[in-house]
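Pasting in a structure now, in structure tokens, and then I'll have a few things to ask.
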Amino acid sequence: MIRIQKHYLLAASLLLMLEVFIALFVHDGIIRPYAGDFLATIFLYCLARGLLAAAPKKVALGVLLTAYAIETLQYVHLLSWLGWQHSRVARVVLGSRFEWADLLAYTLGVGLALGLEAGFSPPRLGKAAAVRAIAPVKNANAG
């Protein structure tokens, strides 16, 4: 089911701009390959949360499985099979080399997204805890 949440879509837009900047202008051995993958999963998480009415853990699992699937397709050289190995866009979007460290970056990115989600949302109290929280407490010393 579709549910638009503007704050997630804004975060996804900012992350997409950062990812494009990294892809176009950063050519190093740490930021582009690892921070880019880390941020890509956070981008996908924010995009999905901005568009879907789904629980955070379900979205996180879907994003993580998608990232792992794309990395697995890199392992089997999907771009070569499709004849896209010389397409810069395909290489940037889908990647071209399998790396175990990418799986770690994806996992850490989704972990941070869930951690931030938990930090920003109010704690949910069960019914009994909610009743205790609003019910007057009897003073044991009162007479």
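The values are calculated or read from the model by the stated rules, or taken from the named source; none is laboratory data. Computed from a predicted model, the values in this text were never measured in an experiment. No Cβ is skipped: glycine too gets one built from the backbone with ideal geometry, and neighbour counts run over all protein chains shown.
Yes/no matrix, rows are residues, columns are (1) modelled with pLDDT under 95; (2) in contact with a strand residue (DSSP E or B) (Cβ under 8 Å, 6 or more places away or on another chain); (3) not in a loop (DSSP other than H, G, I, E, B); (4) not β-branched (Val, Ile, Thr):
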site	(1), (2), (3), (4)
65	no, no, yes, yes
72	no, no, yes, no
81	yes, no, yes, yes
84	yes, no, no, yes
93	yes, no, yes, no
97	yes, no, no, yes
105	no, no, yes, yes
110	no, no, yes, no
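Could you give me the residue pairs with C-beta distances under 8 Å whose first residue belongs to region 18-42 and is assigned to a helix (DSSP H, G or I), whose second residue is buried (at least 19 other Cβ atoms within 10 Å of the Cβ) and aromatic (Phe, Trp, Tyr) wherever it lies, and which are 6+ apart or on separate chains?
Hits for this filter: 19/43; 37/106; 38/106; 40/106; 41/106.
Quick one: residue 25 ticks every box in (1) among the aromatic types (Phe, Trp, Tyr); (2) buried (at least 20 other Cβ atoms within 10 Å of the Cβ); (3) over 16 Å from residue 109 (Cβ atoms) except a single one, so which number is it?
Result: residue 25 fails condition (2) only.
Just to be sure I understand, how many residues within region 28-67 are within 11 Å of residue 109 (Cα to Cα) and either among the charged types (D, E, K, R) or in contact with an Asp or Glu (Cβ under 9 Å, 6 or more places away or on another chain) (or both)?
Count: 9.
Look through region 31-56, keep the residues that are crowded, with 17+ Cβ neighbours inside 10 Å and among the small types (Gly, Ala, Ser), and return whichever of them is farthest from residue 97 (Cα to Cα).
50
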